[in-house]
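First up is the structure itself, then whatever we jot down about it.
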Amino acid sequence: MDLWEYDKFWIIWCSCIDKPRTIKEIQRIWKYKGNALYQKGMREPIAKEMIDEGFLVYKGVVKERGVTGTLFYAKLDWLPKFLEKFFNDLKIKFSNSLPSQLYECIKDKQKFVEFLDKKRTVFFLPDKLKVLFGNSENIRTNYEMVIIAPMLFLFNLLVLRVLQEQLKLKREMSFIVTQSMVFNPSLRINFLGYSMLLMKDFKIESIPFGLIDEKKLFKLWLTSARKIYSDL
């Protein structure tokens, strides 16, 4: 069993991506009572095991209301391994190969993680995650969206950039790109609200060239569209 399969893992991890936080502070953000986030992992408290296995790092201590708390900060370098396993499971266990094909459009997985690292406060502020998920229970049941939502947002913006720059598509027509934000199948996830918040802090030009394989992404889109039209 991987540590990320524990339900409290994602609450702790995603809540200290933008900056170091204590467990007490994370509990206040998501309105946990008692010692809910001190869940035991395989052998020890899960936050301790997240440190040991390289998901978190210590960032010192801080005094809050007279009580000393340990600051935790999220690491991102383990994400390629998690995403590879997650998408492979979708393909094998659920016969759903499209998500893994989308992931393969990320040309450089390490560069993707480095980009997220530089944009921590853009993608992972708790206030934005609250809009995306609504509550902590939704994070526990849809945890993969912590990473996949930023990825899908980048895909949408890249498509918009290509259509505007290469096809000279005007604004009155480029609205079609927003379809996946509005008609999103994950009804428990507020992807539209999250995307609108990101757009306030993120420009289309901010996507590094070479991060996403544009040809592969558009080919996948075209192939899927042709399958749809073949049945109409």
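Just so you know, all these numbers are worked out from the coordinates, no wet-lab data involved. Source: prediction; values computed, not measured. Here the Cβ positions follow ideal geometry from the backbone for every residue, glycine too, while neighbour counts run over all protein chains shown.
Computed from Cα atoms, the angle from the helix 191-201 axis to the main principal axis of the chain rounds to 90 degrees.
GNM on the chain, alpha-carbon springs under 10 angstrom: the most fluctuating residue among L76, L152, L98 is L98. For the chain, the residue among F55, L163, G34 whose Cα projects farthest onto the positive side of the dipole built from Cβ charges is G34. Using a Gaussian network model of the chain in which every pair of alpha carbons under 10 angstrom is joined by a spring, one finds that among V62, V159, V146 the greatest mean-square fluctuation is at V62. In degrees, nearest 10, range 0 to 90: what is the angle between the Cα axis of helix 214-230 and the longest Cα principal axis of the chain? In the chain, helix 214-230 runs at an angle near 70 degrees to the longest axis. Fewest-first ordering of M199, M1 by other beta carbons within 10 Å of each residue's beta carbon gives M1, M199. As a length-normalised measure over Cα pairs under 8 Å and 6 or more apart, the relative contact order of the chain settles at 20 percent. Within the shell of other residues whose beta carbon sits under 14 angstrom from the beta carbon of I92, the net charge comes to +1, with Lys and Arg scored +1 and Asp and Glu -1. Each Lys or Arg adds one and each Asp or Glu takes one away; over the other residues whose Cβ falls under 13 Å from the Cβ of F155, this sums to 0.
Averaged over residues, the count of other Cβ atoms within 10 Å places the peptides 134-144, 14-24 in the sequence 14-24, 134-144, highest first. The angle between the Cα long axis of helix 145-165 and the main principal axis of the chain comes to about 30°, on a 0 to 90 degree scale.
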